[in-house]
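Structure record follows, encoded as structure tokens.
The values are calculated or read from the model by the stated rules, or taken from the named source; none is laboratory data. As the structure is a computational prediction, the values presented were derived from the model and not from experiment. Ideal geometry is used to build each Cβ from the backbone, glycine not excepted, and the neighbour counts take in all protein chains shown.
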Amino acid sequence: MNNDSSSAELPDFYETVAADMLDYAGTGEGVWLDVGSGAGGVGLAVAARCTGTMVLLDPNAEALLQAIAQAQVRGLSGRVVALVGAAEKMPLCDGSVDVVISRGSFYFWQDRAQGLREAYRVLLVGGKAMIGGGLGTRYPEGARREFTRRRREGAAAGGPESARRFAEDRSPETFRRLARDAGLPSFDVIGEGGSAADDPNAGVGIWLRFAKEQANAQ
């Protein structure tokens, strides 16, 4: 039996992230949009907990096919829709979505400020968005620390520049700058994405949250 913690399987984080997203949204109804959904890990976890419609948006059509197949297995196919598209140009009408979520893909958007503008545009007045990365506040602390250690070691293996970019992409300052660049009228950034592995909050992640409080879309 292998007891090496570096190869031990860690708990699934989709459910804990979904719980935080539902807490923030304050509703499980309406139309939800998961930007950069991939195979639907977080989006399907949210859909399983709510009564609304989940729209999965990703540029990878094969990943979306996997998501739809998994939605059928989980009995969610009637409430899950897949769209091929990018964060920077969402194929959705203005004010058509109640909640925008995204976990993990934000760092890979080609133009993150433009993606945030699009998220704001498609939100209904009163709608909310939660975008960033992390494992969720309910994820076991020990597993969070181990996950963070592995991720930071992986970034460091790419050299000093890779480690620097990894930390910078996940810093509160970067998130605030991108929100300002996007012209978001109000927002808050929670968490410390660059926490060290020995930080008790390591792995909780960093999230940009905002609501559409005015009728004029950007």
Report task. List every residue pair whose Cβ atoms lie under 6 Å apart, where the two residues are 6 or more positions apart in sequence or sit on different chains, the first residue falls within the range 133-146 and is in a helix (DSSP H, G or I), and the second residue, located anywhere, is aliphatic (A, V, I, L, M) and surrounded by 15 or more Cβ atoms within 10 Å (Cβ to Cβ). Result -> ALA143/LEU10; ARG144/LEU135; ARG144/ALA202; ARG145/ALA197; ARG145/ALA202
Report summary line: By residue number, the members of the range 151-180 that are buried (at least 16 other Cβ atoms within 10 Å of the Cβ) and either modelled with pLDDT of 95 or more or touching a helix residue (DSSP H, G or I) at 6+ places or on another chain (Cβ under 7 Å) (or both) are ALA155, ALA163, PHE166, ASP169, THR174, PHE175, LEU178, ALA179
Report task. Please verify whether the range 181-191 includes one or more residues that are farther than 19 Å from GLY104 by Cα, among the charged types (D, E, K, R), modelled with pLDDT of 95 or more and over 19 Å from the mean Cα position of the chain (by Cα). Result -> yes
**Report entry** Residue tally, condition under 19 Å from ARG151 (Cβ atoms) and assigned to a helix (DSSP H, G or I), over the range 8-19
**Finding:** 3
**Report entry** Residue count for the range 32-90, restricted to those that are part of a helix (DSSP H, G or I) and not basic (Lys, Arg)
**Finding:** 23
Query raised in the report: What's the number of the condition ILE68 fails, among (1) surrounded by fewer than 24 Cβ atoms within 10 Å (Cβ to Cβ); (2) under 23 Å from LEU116 (Cβ atoms)?
Result: (2)
Report summary line: Scanning the range 167-181 residue by residue, those outside any helix (DSSP H, G or I) and touching a residue at least 40 places away in the same chain (Cβ under 8 Å) turn out to be ARG170
